[in-house]
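See below for the structure under consideration.
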Amino acid sequence: MLANAADRASRSLFRVIATDIHFWIPFAVLIGGFVLLDHLH
Amino acid sequence: MKMNRVETETSAVVPSRMLPTRLRTLQALGIFCGFAAGAWLGGAEAPIKLVNPDISPITVSLIMVFGVFLARWSVPAFIRGTSQVHSDVLQAPHLVVWAVLAGCMWAVANTLTIYAIRNVGLSIAFPLWNTNSLLGIFWGFLLFNELHFAGWKRWLGVLGGAVCMFGGATLLAIASAHQAAPGKAAMGILAALGAGILWGTMYVPYRKAYLTGMNPLSFITFFSVGELVTMTLLAVGYRGATPLWHELVGARAVLFWLMLGGFVWVIGDLFQQYATKYVGISRGIPLSNTNQLWGLLWGLLVFHELRGGSQTVYAQVAGGSLLMAMGAVAIALSSATEREHSSWQDAADREGQRYGVENEYVRAGLEGREMQKGKITDKTAATPGTRSVLDWLLMLVTTFLFAVLAAMARLPHMEIALGWAAALVVTMLVLLATCGIALWRTTRFR
């Protein structure tokens, strides 16, 4: 029961983060940074 | 379970606003933290100057990050105890993801600066990545209601100050560049701009965390996880595990200086986090960018850099320093009005509702005070100041490691003005003590 509740809660948490546009801005910038770094290397 | 609130509860929004006197106190505190951050972030460059330039920049960065990691766990344990970190995570678990994301961004940006300096030299690279403050102002305005209802005078103060500091940084960087940049200019400029964009955007997670009420001391612990993992992956990926290990073993005489640099940097970053929390990213970032001025002071006075330079160089240093100081003062005098602060609170309420964070937790964080336990439903809030066995263990292990590394450390043969070094260290310690006491008295390090 407790494990299920924790699992449900973490899934809900990640859903809220994934639907937050604020998350995707830094995430996209980070991916861009990795691509640039790889290119420079 | 706490996290269930994300989908089941909606926090009640309390319409009352912060007292004007409290707001003014917090603004002044944030500005003070911004200046202290500049001194400590700039001071972090000093131990690194003692390191042999033969060591690969990625390895230097990795060793510094080890020092940063140790500091980011032991300093919070010393100040408030790790139980506070646990309590913060239970209140706002989503911020762990944000902190790790910010740490990853820092590591990538820091590595990019190495490529930038190598390709275009410090004089071009530094001002380019210092554009992070302009980007910070943009994100602060767009995403977190900063500078809303601020009036044209404050807009002028913040934007004009940031532009002034950018000009000053350019002059200082040109003056302190020792070597002409080799080719690959486009790549270097791209790397420097990339670092600026990453660092400017890294403040989005910072602001997100502090609007939701998280304690900077808790945020930096998870930040360091993203930082260390990313930096280790980059170092192993680019250098190879065996050559990296050999380089680390070969560098044992300078490990202490690099890790000390990381430790000092963390103190500066901690002040920067508090500045971001209490004055926002649009003002906090430019203020902590005064670190360039302090780095220059260390270089000029302690390491005799620019000695025998031309009059043009000294004019650039004087002009750049003056411009940076004027910019910082302009920003410091443009603190948020009550009306602007109420739009920050709107952004905070929005965050609290989205992530189901307790309203009292959000408000207490924004007002820099402890939560009123009667007002919160969660009983996990730890009593501040209590330390567990884990806290003492963290402090002991860090002290022991630094003592061992100090015993192995060697001072390089170079001319150092010890008198000036002592004066700058004393200044930094005075800033640490006064700002630390102000933070304790006003917010109890909230």
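Only the coordinates and a few stated rules stand behind these numbers; no lab work does. Just so we're clear, the structure is a prediction, and the values are computed from it rather than from any experiment. Note that we place each Cβ from the backbone using ideal geometry, even for glycine, and neighbour counts take in every protein chain shown.
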So for the range B:28-443, using the alpha carbon gyration tensor with a ≥ b ≥ c as root eigenvalues (a/c under 1.5 gives rounded; past that, a/b versus b/c decides prolate or oblate), I'd call it oblate
Shape of the range B:31-165 from its Cα gyration tensor (a ≥ b ≥ c, root eigenvalues): rounded if a/c is under 1.5, otherwise prolate when a/b > b/c, or oblate? oblate
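Give the shape of the range B:279-328 as rounded, prolate or oblate, defined through the alpha-carbon gyration tensor: a ≥ b ≥ c are the square roots of its eigenvalues, a/c under 1.5 means rounded, and otherwise the shape is prolate if a/b is larger than b/c and oblate if not.
Working: a/c = 4.70, a/b = 1.98, b/c = 2.37.
Oblate, because a/c is 1.5 or more while a/b does not exceed b/c.
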Starting from the 7 Å offset along Cα-to-Cβ, what nm value, one decimal, do you get for the label separation of B:Ala241 and B:Glu370? 4.8
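What length, rounded to one decimal in nm, is gained on full extension from B:Ala315 through to B:Arg410, with 0.36 nm per residue of separation minus their alpha-carbon distance?
On the way: separation 95, 0.36 × 95 = 34.20 nm, distance 3.61 nm.
Roughly 30.6 nm would be gained on extension.
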In degrees from 0 to 90, rounded to the nearest 10, what is the angle of the helix B:161-176 Cα long axis to the longest principal axis of chain B? 20
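If r is the Cβ-Cβ distance from B:Arg252 to B:Met326 and R0 is 45 Å, what FRET efficiency results, to the nearest 0.05? Show your work: numbers first, answer last.
On the way: r = 44 Å, r/R0 = 0.99.
After rounding, the FRET efficiency stands at 0.50.
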Working from Cα positions, state the angle (0 to 90°, nearest 10) between the long axis of helix B:418-443 and the longest principal axis of chain B. 10
Zone reached by a paramagnetic label modelled 7 Å from B:Trp440 Cα along Cα→Cβ, restricted to the range B:79-116 with backbone N below 16 Å, covers B:79-81
Which FRET efficiency value, to the nearest 0.05, is calculated for B:Ala421 and B:Gln353 with the Förster distance at 56 angstrom and r the Cβ-Cβ distance? 0.65
Roughly how far apart, in whole Å, are the Cα centres of the range B:306-348 and the range B:26-47? 13
Positive end of the dipole of the protein assembly as shown, charges at C-beta (+1 Lys, Arg; -1 Asp, Glu), about the Cα centre: which of B:Val404, B:Gly327, B:Ala364 has its Cα farthest in that direction? B:Ala364
What is the angle, in °, between the Cα long axis of helix B:255-279 and the longest principal axis of the Cα atoms in chain B? Nearest 10 is fine, range 0 to 90. 40
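What ranking of B:His413, B:His86, B:His246 emerges when the number of other C-beta atoms within 10 Å of each C-beta is taken as an exposure proxy, fewest first?
Working: B:His413 5, B:His86 16, B:His246 12.
Listed from fewest to most nearby Cβ atoms, that is B:His413, B:His246, B:His86.
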Springs between alpha-carbon atoms under 10 Å, Gaussian network over chain B: tell me which of B:Gly356, B:Gly237, B:Gly38 tops the mean-square fluctuations. B:Gly237
Least to most buried among B:Cys164, B:Cys33, B:Cys435 (fewest other Cβ within 10 Å first): B:Cys164, B:Cys435, B:Cys33
Give me B:His304, A:His41 sorted ascending by neighbouring Cβ count inside 10 Å, so fewest comes first. A:His41, B:His304
Before anything else, pin down the relative contact order of chain B: Cα pairs under 8 Å, at least 6 apart, normalised by residue count, whole percent. 36
